[in-house]
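Shown next, in structure tokens, is the structure this report addresses.
Nothing in this text is a laboratory measurement; each read-out follows from the coordinates by a stated rule. If you're wondering where the values come from, they're calculated on a predicted model, not measured in any experiment. Neighbour counts run over all protein chains shown; Cβ positions are idealised from the backbone, glycine included.
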Amino acid sequence: MDPTWITTVLLVPCVIVLTAGFFYLYGVVIGLLSKTSVRNKVVVITDALSGLGRECAGVFHKGGARLILCGKSWEKLEEFADDLANASDPTVTFPPKLVLLDFGDMDSMPDVITEILECYGCLDVLILNSSMKVKAPAQSVSLEMDKLLMDNNYFGPATLAKGVLPSMISRRTGHLLLISSIQGKLAVPFRTTYAASKHAVQAFFDCLRAEVEEYGISVSTINHTFISPSSAENTEAASSRSVWSLLYSKKPLGVSPDEAAAEIVKTLHNKKKEVVMAPSLPKVAIYARSFFPNVFFAVMAAGVNNAAACENM
């Protein structure tokens, strides 16, 4: 019998077992980190009904956090809370508290902030997960849509953060974590207002980080490419031949909710200030924008021209 064939037969099962063991240990480590990071802590999650919001809520709920879940639909929040309760041990978990929150309605923010603070009298972690996207040429986006995007992506998160800060400052502890986009650092054509709102909120939390450090408050930002794209988005990305579109992708399928949730757990545990979840090309583009702006702008323009040429064919 061929020795090479025998070696292969013996090696493959070992590789499979080692790989499975690695992922098992990784899951155990993430579980332990979530428990040590959020056990008994009050954690607020905005847009808890999104894919990432649900994933984070599930991880933190099992970790023993005192969750405050925010969303636009009371019925869906109640249904999700019931699902969490049914899938957990009530002796080691806390029933989530629910708060209606719509960043598109800025007039309601004072009442929302009061309600959040009244749930437990304080909070330890605020995860700002909400986001609104629009892809269109700048001249076709109305002023009303511009304002709605800025409310959802900038004014809402900034207002909520400022509303809970006095409570954190008085206790000299707390962690603000912004789930943002790589477009907070890298602007891509046809997303003018979206990129502008992400740049604004990125700058706000970068400034805030320095301002609140003396009070023992941590501020973290996680900039990803995109979370759980639909099949239509995958098809569009695959069929696009423009150069700039490649800068807005992390893997063919983007960042999965469980990947992002695992990164959030690690960021809370390590108190890392900034994380960029992206492959090499977008990261290179960020540096190119800073050090070789003319080259970067030329690539962006060429990508737009290529896209327009493809549409006219």
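Summary table below
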quantity: Label-to-label distance, nm, for residues given as Lys72 and Lys272 (7 Å Cα→Cβ offset); calculated: 3.1
quantity: Nearest-0.05 FRET efficiency for Ala210 and Ala298, computed from C-beta distance (R0 25 Å); calculated: 0.15
quantity: Three principal axis lengths of segment 39-312 [C-alpha, angstrom, descending]; calculated: 60, 40, 36
quantity: Gain on full stretching of the segment that runs from Ala136 to Ala200 - 0.36 nm per residue minus C-alpha separation; calculated: 21.1 nm
quantity: Ellipsoid semi-axes in whole angstrom, largest first, where each is sqrt(5λ) of the Cα gyration tensor of segment 60-115; calculated: 25, 12, 7
quantity: Whole-Å distance, taken between Cα centres, linking segment 254-293 and segment 141-160; calculated: 23
quantity: Cross-link reach list, lysines versus Lys41, counting only Cα pairs under 18 Å and skipping chain neighbours closer than eight places; calculated: Lys62, Lys97, Lys266, Lys271
quantity: Computed E for Lys162/Thr91 - FRET, C-beta separation, R0 51 angstrom, nearest 0.05; calculated: 0.85
quantity: Percentage relative contact order, segment 39-312, counting C-alpha pairs under 8 Å, at least six apart; calculated: 16
quantity: Residues of type aspartates and glutamates that Lys133 reaches as a straight line, Cα spacing below 19 Å, ignoring anything fewer than 8 places off in the same chain; calculated: Asp47, Asp102, Asp105, Glu144, Asp146, Asp151, Glu233, Glu236
quantity: Principal axes of segment 161-215: Cα extent on each, largest first, Å; calculated: 43, 18, 13
quantity: Estimated FRET transfer efficiency (Glu118, Lys147; beta-carbon r; R0 30 Å; 0.05); calculated: 0.55
quantity: Neighbour-count ranking [beta-carbon atoms within 10 angstrom, fewest first] of Thr114, Thr225; calculated: Thr114, Thr225
quantity: If the convex hull is drawn through the Cα atoms of segment 46-201, its volume per residue in Å³; calculated: 116
quantity: Neighbour-count ranking [beta-carbon atoms within 10 angstrom, fewest first] of His175, His199; calculated: His199, His175
